[in-house]
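What follows is a set of notes on a single structure, which appears directly below.
The values are calculated or read from the model by the stated rules, or taken from the named source; none is laboratory data. As the structure is a computational prediction, the values presented were derived from the model and not from experiment. Glycine also receives a Cβ, built like all others from the backbone with ideal geometry; neighbour counts cover every protein chain displayed. Quick note on the areas: whole protein, heavy atoms, side chains included, nothing else; ligands and nucleic acids left out. Shrake-Rupley method; radii C 1.70, N 1.55, O 1.52, S 1.80 Å.
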Amino acid sequence: MSKDKKGLQGGAFVIKESRCEDIFSPEDFNEEQRLMRDSITEFVEREIVPKKSRFENHDYALTEAVLKKAGKLGFLGISVPEEYKGLDMGFVSAMLAADYMSGATGSVATAFGAHTGIGTLPIVLYGTPGQKEKYLPKLATGEWFGAYALTEPTAGSDANSGKTSAALSEDESHYLINGQKMWISNSGFARLFIVFARIENDKYISSFIVEYDPENPNGIRLGEEEQKLGIHGSSTRQVFFENTKVPVENRLSDRGNGFKIAMNVLNIGRIKLAAACLDSQRRVIKDAVQYANQREQFNSKIIEFEAVKGKLAKMATDAYVKKSATYRTAKYIEDRSDEYRKKGKSEAEAELAAVEEFAVECSLLKVSCSEDLQNCTDEGIQIYGGIGYSKDTPMEAAWRDARIPRIYEGTNEINRMHAVGMLLKKTLKGELDLLTPAKAVQKELTSIPSLQKPDFNQLFSEEKMMLKKTKKAFLMVAGTAVKKYAKNLSNHQYILMAAADMLIQIYRAESAVLRTEKSAKSHGEKSVEAQIAMSQLGLYHAVEIIARKGKEAIISFASGDEQKMLLIGLKRFTKYWNYPNIGALKNRIAEKLKEENTYCF
Ligand SMILES: Cc1cc2nc3c(=O)[nH]c(=O)nc-3n(C[C@H](O)[C@H](O)[C@H](O)COP(=O)(O)OP(=O)(O)OC[C@H]3O[C@@H](n4cnc5c(N)ncnc54)[C@H](O)[C@@H]3O)c2cc1C
């Protein structure tokens, strides 16, 4: 492990303990970030919320107009350097913008994410000074909108298998691009496409900046708008290229570097998508709480029924936990990026290296935040009952819009495999030592556990012990699987899926516990009682999932005595001394929601 790196290394959360003082939490936003959050919220309430039905009615022009206004206010240039008319505000601020801009409708969330992320970042990170000067000011101010054209009818998850070609002209002045792209967000109003195409028989695709002027289409033709389940105001079309002439100076980065660009930009896209799932969840909870607080059945507000309280408590807990993990990671990335910059890397190189280091966390967060949002909107409909199924309430569109984050920016299956694969790669490269702690866990399995009850008087002392044990559970399962299958493990997807789920739960639960501990130290336990309850409930759910997923993995690769030993180990590592009274925890959380009549964390 490199000694000069400060803070937690990417992926190291599973072998190390963190102190609450060393993590960033949403309570730590600085003055500038709070101001930006408030001005984005004010913008969303003014420009998006009152017009929600128009987005649902496929008003793509409205989406474009909203982005234009966002551009005028600087919201599109948060990650763009100041010299190119951006605000250059750092990673946490970029995440904050993705979070608060995305809550009211998935249509704007997608359009904003596609433009500021995958549509603009390839140029910020890989562009030449000339390319940056020519395009970034236009993209940062919303004069032009960007789109990212990677997917093809036969190349989705297997992104490098695309058939779109780029042929260099004889005089080497330009490329001719031919091919068909599919599912391209913002395509209906984009003036610039980041297009991925193969030059000759190169192993890897290359990438190009392709301008699109509807008055002079240069062989570019757009398909009809796709009729989608959700995000009805987000423009999604096929894009056809027929002998599209692209000057050689518009190739982005080196020949054959396109796949790397696509993957690295997607790493950033993934964590930003996690952030983009946060505010939508908070809004769903707010609506559900307010509805449950006024809807009466059996002469009682439905929020008084435990069945409803339990749902609200779970929804709020998930939102709290995932926000804790998302901003914790954002700050790790920002700090690492600063560190690399100080050591002489350019801004772009520093950010790329930092995000790559935390690629495991980026993938885990994308999966977990998108799945939480889906569950939350589903329960939101349930709390509304029949009216929740109607287009007249906010739940219906929220539920449909919540479906897409599980598919784009790499499907959740691909991201689960990516996360575990990256962790193992780091181990093989010697960047992360998973082997020593995994061996220690194997040794512990054959030892007799102590029966002496630990002292649990401090806040979260049992929870921290449980977190330590769940890390052992992961190391036991993953370590045994690696020993069994070595490099072939990548073909054993049942194990990879289960291992990823264990990692997700460990990281999320730990982040919430540390965030709350930090708040309790600053403001006293009394003032964060609901947060303590959410951290405890979040951990309890995490432990349950870890036990289930660990078992699924073990019984799919081990048998006989080995299976028995591993299952006993799993039980030992997922057993509380004192199980929390989860009914009481749910009541405490639900009471707070009821009292505040909104989501308030
Ligand atoms: C609304 C929308 C907007 C989009 N916007 C853009 C955009 O702006 N730009 C762009 O380039 N693309 C975009 N996409 C495309 C999106 O990124 C792809 O749909 C996604 O990557 C999955 O590819 P696919 O649809 O071809 O599915 P496939 O790759 O065919 O996958 C189908 C299923 O098989 C699974 N699967 C595939 N391979 C494996 C494997 N090796 N192991 C296990 N399971 C596997 C997948 O997880 C999935 O469940 C968008 C898609 C949608 C729906």
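How many residues are assigned to a strand (DSSP E or B) and under 17 Å from ALA147 (Cα atoms) if we restrict to region 196-225?
The number of residues fulfilling the criteria is 12.
Between a residue in region 259-276 that is over 15 Å from THR411 (Cβ atoms) and open to solvent by 10 Å² or more (accessible area, probe 1.4 Å) and any residue that is of a type in the set (Lys, Arg) and not in a helix (DSSP H, G or I), which pairs come within a Cβ distance under 9 Å, given they are 6 or more apart or on different chains?
PHE259/LYS203
Let's see how each residue does on (1) over 20 Å from LEU434 (Cβ atoms); (2) in contact with a helix residue (DSSP H, G or I) (Cβ under 8 Å, 6 or more places away or on another chain); (3) open to solvent by 50 Å² or more (accessible area, probe 1.4 Å); (4) among the aromatic types (Phe, Trp, Tyr):
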position: HIS492; (1), (2), (3), (4): no, yes, yes, no
position: ALA500; (1), (2), (3), (4): no, yes, no, no
position: LEU570; (1), (2), (3), (4): no, yes, no, no
position: PHE573; (1), (2), (3), (4): no, yes, no, yes
position: TRP577; (1), (2), (3), (4): yes, yes, yes, yes
position: GLY583; (1), (2), (3), (4): yes, yes, no, no
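Checking THR244 against (1) more than 16 Å from the ligand (Cβ to nearest atom); (2) under 20 Å from THR116 (Cβ atoms); (3) open to solvent by less than 30 Å² (accessible area, probe 1.4 Å), which single condition isn't satisfied?
(2)
Say we look at region 168-187 and pick out the residues that are within 16 Å of the ligand (Cβ to nearest atom), open to solvent by less than 30 Å² (accessible area, probe 1.4 Å) and part of a strand (DSSP E or B); which of these is nearest to ALA111 (Cα to Cα)?
SER185
Among (1) touching a Leu at 6+ places or on another chain (Cβ under 7 Å); (2) outside any loop (DSSP other than H, G, I, E, B), where does PHE193 come up short?
Unmet condition: (1).
Among the residues of region 391-443, which ones are free of Cβ contacts under 8 Å to residues at least 60 places away in the same chain and at positive phi?
GLY430
Residues that are surrounded by fewer than 20 Cβ atoms within 10 Å (Cβ to Cβ) and away from the ligand (no atom under 16 Å from the Cβ): list the helices (runs of 4 or more DSSP H) wholly contained in region 350-455 that include at least 2 such residues.
Result: 359-384, 412-428, 435-445.
When you scan region 7-40, how many residues do you find that are surrounded by fewer than 12 Cβ atoms within 10 Å (Cβ to Cβ) and touching a residue at least 40 places away in the same chain (Cβ under 8 Å)?
Qualifying residue count, region 7-40: 2.
Does ARG255 fit the bill of being under 30 Å from ALA167 (Cα atoms), at pLDDT 95 or above and buried (at least 22 other Cβ atoms within 10 Å of the Cβ)?
Spelling it out, it is not the case that ARG255 is under 30 Å from ALA167 (Cα atoms), at pLDDT 95 or above and buried (at least 22 other Cβ atoms within 10 Å of the Cβ).
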